[in-house]
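Below is one structure, written out as structure tokens; comments come after it.
The values are calculated or read from the model by the stated rules, or taken from the named source; none is laboratory data. Just so it is clear, the model here is predicted, and its values are computed rather than measured. Heads up, the Cβs are rebuilt from the backbone with ideal geometry, glycines too, and the neighbour counts pull from every protein chain shown. Heads up: the accessible areas ignore ligands, DNA and RNA and are worked out on the full protein's heavy atoms, side chains in. Shrake-Rupley method; radii C 1.70, N 1.55, O 1.52, S 1.80 Å.
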Amino acid sequence: MDEYPKVIIAPGAGFCRGVEKAVEKTLHIAKDKENGRIFLDGELVHNREVGDRLRAQGVQLLKENSEVCAADTIVIRAHGISPQRRSHLEHFGCEIVDCTCPLVGRIAKIIADHSANPTILLGDRNHVEVEGLCGYSQNIYVCENLTELTQFIDAIQKNGQIHGDIFDHKCVNFSKMDDWILVCQSTLDMNFLEAAKILCAQKKLPIKIFDTICEATKRRQLGLRTLENCDAVIVIGGFHSANTKRLYEKMKRKMMSIFWIENISDLLGINLNNYKSIGITAGASTSREVLRKIYGEISKK
Ligand code: SF4
């Protein structure tokens, strides 16, 4: 094609403020630290480039066998951790820098304040944010999709309790049928929450629903609409990033030509020559720098 393609970046694409602040703060500590090492309690973001930058500054991942001493620093990532994990880290007796995003902290507070109530948490069971949030209540149950939520409500309404063999989860006794609450992982699909609200109303569940999807996630998901008329869409983000996967799957339902890449080098394997308009979106783990570089590269094609 002779002309350069029109390239559009969707509103809300890339690093959210929570992740950006966690990365900035860790780099800042690494620059100023004179003694001791810096450990991350889990990857700050699912992004190779950011991981490389942090490693280059001497920041390392905390492992089971890491020997932490008093001069070291442990950084808690933006996704937060459970109170039990926090107590475990405090046993090391070193400085702990908490980079938990305040919006995840707000979800944790809602769950803790209602820990006597049956709580449904909509989200990915194996995601670190959800694992951390589950530590704030004994009465919490995670539902990953609408089918699980339906089965869960039906089982509770019929038997008053649910057993581990159904969803590979602890036995939950929700015999008290009122004062339920529902919260969501901060990066949940907005359509899932809307469908869950309708289901709860249909099942006449006495439940208080907290919309805890964060504004950055909503902006990112709504921003996809601006890409619907593009010939092709590039989704940028870590291949293990749950929110990037969600963006990719949402667009895949609407587009034939969609590509998921993590970094600029991944563009090499993609032929974009025949597209007149190309849309770009990016998950919360993609820095503005990576986004800018990829935009520049695609615009030249
Ligand atoms: S996605 Fe939202 S809740 Fe999660 S770190 Fe970013 S701003 Fe905070």
Note to self: Here is a check on your reading of the model: is residue 18 under 21 Å from residue 290 (Cβ atoms) and touching a Pro at 6+ places or on another chain (Cβ under 8 Å)?
What the structure shows: yes
Note to self: Where the second residue is open to solvent by less than 60 Å² (accessible area, probe 1.4 Å) and assigned to a loop (DSSP other than H, G, I, E, B) and the first is charged (D, E, K, R) and at pLDDT 95 or above and lies in the range 91-110, which pairs have Cβ atoms under 8 Å and are six or more apart or on separate chains?
What the structure shows: 95/72; 106/212
Next item on the list: Could you grab me the full set of residues in the range 14-62 that are among the charged types (D, E, K, R) and either farther than 24 Å from residue 245 by Cα or more than 16 Å from the ligand (Cβ to nearest atom) (or both)?
Entry: 24, 25, 31, 32, 33, 34, 37, 48, 49, 52, 53, 55
Check: Looking at (1) buried (at least 22 other Cβ atoms within 10 Å of the Cβ); (2) more than 28 Å from residue 22 (Cα to Cα), which is the only condition residue 236 fails?
Finding: (2)
Check: Conditions: (1) assigned to a helix (DSSP H, G or I); (2) more than 16 Å from the ligand (Cβ to nearest atom); (3) closer than 18 Å to residue 242 by Cα. Residue 85 meets all but one. Number of the miss?
Finding: (3)
Notebook entry, point to check: Hey, among the residues in the range 273-301 that are more than 17 Å from residue 11 (Cβ to Cβ), modelled with pLDDT of 90 or more and part of a loop (DSSP other than H, G, I, E, B), which one's most open to solvent (accessible area, probe 1.4 Å)?
Noted result: 276
Note to self: Restricting to the range 1-42, and then to whatever is open to solvent by less than 70 Å² (accessible area, probe 1.4 Å) and acidic (Asp, Glu), can you tell me which residue is nearest to the chain's Cα centre (by Cα)?
What the structure shows: 20
Next item on the list: Write out, first by first residue and then by second, each pair whose Cβ atoms fall under 8 Å of each other, whose residues are 6+ apart or on separate chains, and whose first residue, in the range 119-131, is more than 15 Å from residue 80 (Cβ to Cβ) and in a strand (DSSP E or B) while the second is modelled with pLDDT of 95 or more and polar (S, T, N, Q).
Entry: 122/185
Notebook entry, point to check: If we keep just the residues of the range 226-252 that are at pLDDT below 90 and assigned to a loop (DSSP other than H, G, I, E, B), which is farthest from residue 282 (Cα to Cα)?
Noted result: 240
